[in-house]
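Worksheet: the structure to be examined is printed underneath.
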Amino acid sequence: MTAVRLPCLAILGLALTACSGPVSGGGRLDSGLNAGPRALATDSAPTSDTPAREEGMTRETDTTDDVEVQAFDPWEGWNTKAFEFNRRVDKYVLKPVAKGYNFIVPDEIQSMIANGFDNISFVPRLINNLLQGKVTGAGRELTRFLINSTAGVGGLFDPARDVFGVQKSRGDFGQTLCVYGVKPGRYVIVPFLEPLTIRDGVGKAVDGALDPLSYFLPLIWDRLAMKAGDIVNERSLNLDLFQGFEDSTLDLYSSVRHAYLQRRERLCRE
């Protein structure tokens, strides 16, 4: 489910980092464009992670507030062109579709759909928490899945968070590679994908292989249809946030790159 992510969603997820504002509805900006929305993607909902020095791996005590992340962007010429292409795809294709979708589908239904997609994608988060030595985080993911899949009507609602206070844990394979000392490598932007580093690109491929939909929907067209629905729904939930971030930023490319790299470094140090 995290294998493909339109770039506008990545910028949106980064907008969360830059603006520190809440996302309306139930959008999942994890991984999210899941660097963000959900690629650059999973920061919209509150999360709770016990630092690794308290559970599992021993980690450095520095935070990204103490360390300025230097961008390694030798492909900037290509990246700026790909970034502009992705912005045009969002402006002329995804955004108009999301606006029409938002006009037809009530916000409450959009939030339920977002919750459902998020519930399905618990498997990569569970496995990566275990690989990072975060046993508590993995336990939360399993608990959330069991509660939301039953009391939450297949994940359409989030009683684990709203009733029991069990927050979602972050965890992707790019973050796991960082825990084991793999450097991020070059920053790169590919058409139709969110910003990435080489390490996070490998991580997304692994997380995609862990996605349960890859097995329940073996046909690529079925998975693409599900992915398109997820992306449109998420874009619709965050129309105002994305627009505000874009309008208030002079150098959008540099701002997205900086926010993405800072966010990934912060996640690696959690």
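The values are calculated or read from the model by the stated rules, or taken from the named source; none is laboratory data. Everything numeric here is computed off the predicted structure, so don't read it as measured data. Positions of Cβ are generated from backbone atoms using ideal geometry, with glycine treated the same way; all protein chains shown enter the neighbour counts.
Cβ separations smaller than 9 Å between residues 6+ apart or across chains give the following pairs from region 231-246 residues that are among the small types (Gly, Ala, Ser) to residues that are buried (at least 20 other Cβ atoms within 10 Å of the Cβ): SER236/GLY25; SER236/GLY27; SER236/ALA98; SER236/GLN110; GLY244/ALA15. In the set (1) farther than 20 Å from ARG235 by Cβ; (2) crowded, with 21+ Cβ neighbours inside 10 Å, the condition left unmet by ASP90 is number (1).
Residues in region 158-212 that are surrounded by 17 or more Cβ atoms within 10 Å (Cβ to Cβ), among the aromatic types (Phe, Trp, Tyr) and in contact with a Ser or Thr (Cβ under 9 Å, 6 or more places away or on another chain): TYR187 alone. In region 202-270, counting only helices (runs of 4 or more DSSP H) that sit wholly within it, the ones holding 2 or more residues that are small (Gly, Ala, Ser) and at pLDDT 90 or above span 220-237, 252-269. Of all residues in region 213-245 being crowded, with 18+ Cβ neighbours inside 10 Å and over 15 Å from the mean Cα position of the chain (by Cα), which is farthest from ASP90 (Cα to Cα)? Only one residue fits best here, namely LEU213. Quick check on region 184-191. Is at least one of its residues more than 19 Å from ALA71 (Cβ to Cβ) and assigned to a helix (DSSP H, G or I)? No, because not a single residue in region 184-191 is more than 19 Å from ALA71 (Cβ to Cβ) and assigned to a helix (DSSP H, G or I). Which one of ALA114, ALA138 is crowded, with 17+ Cβ neighbours inside 10 Å, within 24 Å of VAL256 (Cβ to Cβ) and not charged (D, E, K, R)? Just a single option satisfies the conditions, and that option is ALA114.
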